1. Which one of LEU128, LEU190, LEU165, LEU215 is buried (at least 17 other Cβ atoms within 10 Å of the Cβ) and either among the hydroxyl-bearing types (Ser, Thr, Tyr) or under 20 Å from LEU243 (Cβ atoms) (or both)?
2. I'd like the full set of residues that are assigned to a helix (DSSP H, G or I) and either small (Gly, Ala, Ser) or on the phi > 0 side of the Ramachandran plot (or both), limited to the range 15-53.
3. Just to be sure before I move on: is LEU143 among the hydrophobic types (A, V, I, L, M, F, W, C), under 30 Å from LEU217 (Cβ atoms) and touching an Asp or Glu at 6+ places or on another chain (Cβ under 9 Å) in the structure I sent?
4. Could you run through the range 131-149 and say how many residues are loosely packed, with under 15 Cβ neighbours inside 10 Å and either charged (D, E, K, R) or assigned to a helix (DSSP H, G or I) (or both)?
5. ILE64 fails exactly one of the following numbered conditions: (1) at pLDDT 95 or above; (2) on the phi > 0 side of the Ramachandran plot. What is the number of that condition?
6. Are any of the residues in the range 231-247 in contact with a Ser or Thr (Cβ under 8 Å, 6 or more places away or on another chain) and surrounded by fewer than 18 Cβ atoms within 10 Å (Cβ to Cβ)?
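The values are calculated or read from the model by the stated rules, or taken from the named source; none is laboratory data. Note that the structure is predicted; figures quoted are calculated from it, not measured. Glycine gets a Cβ as well: all are built from the backbone with ideal geometry, and neighbour counts include every protein chain shown.
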Amino acid sequence: MSAAPKPPTPTPAPPDREPWPEIDTLTTDTVLDLPADLGWYAAAKPAFDYAAALAMLPFALALIAFAAVAVKLTSPGPVFYTQTRVGLNGRKYKIIKIRTMRVNVEAVSGIQWSQKGDTRITRVGRFLRATHIDEFPQLFNVLLGHMSLVGPRPERPEVIQAKGLNQLVPGYRHRLRVKPGVTGLAQCQLPADSDVTSVRYKVVYDLYYVESQNLALDLRLIAATLFRAVGASPTLLRRLFLLPNRRRVAAVFHSRIVPPAEPAPVVALQPA
C-alpha cells in the first residue's frame, strides 16, 4: 500500500505570488461545510451557458481556424487533442483543446504543471495560451453539457492522484459541486497552477464562486477574461469589474470551516 501524501512544506512565495497567511496556516485536516442549496441560478445556468456559447461560436471558429493553421505550419502533430478531466460530481469527460505543447512530451517529462519558460510549450503555443485562444474549442464542451462558461478549472484525474490534491487541499472536492468552467474567478485573479500551494489558493476563490455565483458575476468574469487575454493585470480586472479581493474570499472560506469537535470529558471513576 502506498504511503499517504505528505502535507506541503512551507516554501518562500515566488515573485508572482504573495503569501496568504489566512490560508497558509490551514492544516490538511480542515473540513468545510457548504450550503446544500446553491440557489436558483445554479439550476438555470445551463440554459445561459448554451445560449451564450452558441452566440460566441462564429467568432470563436474564426480564431480556432487561425490557430489551427499556425499550429500545423510550425509544429508536427495534430492541431487538436482531447484529455480526460474531472467534472461535475466527479464525472469524467473529454476536454477539447488546441495543442500548445510538443507531441508526446509527457512521456519524457512525466506528469507536471507547466512552469514559466516551460520548454515543452511551442512558440505558437505560448501565444495561444497567453491569449486563451487554445481554450476556445471548449465551447463545444459547453454545448455538450460537460462544462460551463464560468466555473472552477477542470483538472486531470492523474494529476489529482499524483499530487494528492483531495488529501492536501482543504475543500478541493467541493469544487466539483458545479461544472468546471472555460474561465473563472480563480483563473482571472491568480496565475496558473504551479504547485500544491497555488492550488490551495485557487480553491479559496473557487469555493467563493460556487457559493456566490450569479448572472452578473458571470458576465463580469467573461468580460474580465477578454481583458486578461490582452494583458490586463489581475489588480486592474478586480477594480474594473468589481471582483472580490483576497480578504473577502478568505473570510467566506473561513466562515465555512467546521470547528474541530470538542474532546469528550474524562470522567474519573469513584472507588467502590
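1. On the way: LEU128 fails: either among the hydroxyl-bearing types (Ser, Thr, Tyr) or under 20 Å from LEU243 (Cβ atoms) (or both); LEU165 fails: either among the hydroxyl-bearing types (Ser, Thr, Tyr) or under 20 Å from LEU243 (Cβ atoms) (or both); LEU215 fails: buried (at least 17 other Cβ atoms within 10 Å of the Cβ).
From the options LEU128, LEU190, LEU165, LEU215, the qualifying one is LEU190.
2. Step one: filter the range 15-53 for residues assigned to a helix (DSSP H, G or I), giving 21-24, 40-53.
Selection gives ALA42, ALA43, ALA44, ALA47, ALA51, ALA52, ALA53.
3. Numbers: among the hydrophobic types (A, V, I, L, M, F, W, C): yes; under 30 Å from LEU217 (Cβ atoms): yes; touching an Asp or Glu at 6+ places or on another chain (Cβ under 9 Å): yes.
Yes: the conditions hold for LEU143.
4. Here is the first cut: in the range 131-149, the ones loosely packed, with under 15 Cβ neighbours inside 10 Å are 143-145.
Applying the additional criterion that residues be either charged (D, E, K, R) or assigned to a helix (DSSP H, G or I) (or both) yields 143.
Qualifying residue count for the region: 1.
5. (2)
6. No, every residue in the range 231-247 fails to be in contact with a Ser or Thr (Cβ under 8 Å, 6 or more places away or on another chain) and surrounded by fewer than 18 Cβ atoms within 10 Å (Cβ to Cβ).
Residue-by-condition table, conditions (1) surrounded by fewer than 13 Cβ atoms within 10 Å (Cβ to Cβ); (2) modelled with pLDDT of 95 or more:
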| residue | (1), (2) |
| --- | --- |
| PRO5 | no, no |
| ALA13 | no, no |
| ASP37 | yes, no |
| ALA55 | yes, yes |
| LEU73 | yes, yes |
| LEU88 | no, yes |
| ARG99 | no, yes |
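For (1) over 18 Å from ARG228 (Cβ atoms); (2) touching a residue at least 24 places away in the same chain (Cβ under 8 Å), each residue gets a yes or a no:
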residue	(1), (2)
THR131	no, yes
LEU143	yes, yes
PRO152	no, yes
PRO157	yes, yes
GLN161	yes, no
LEU165	yes, yes
VAL178	yes, yes
LEU190	no, yes
ASP195	yes, yes
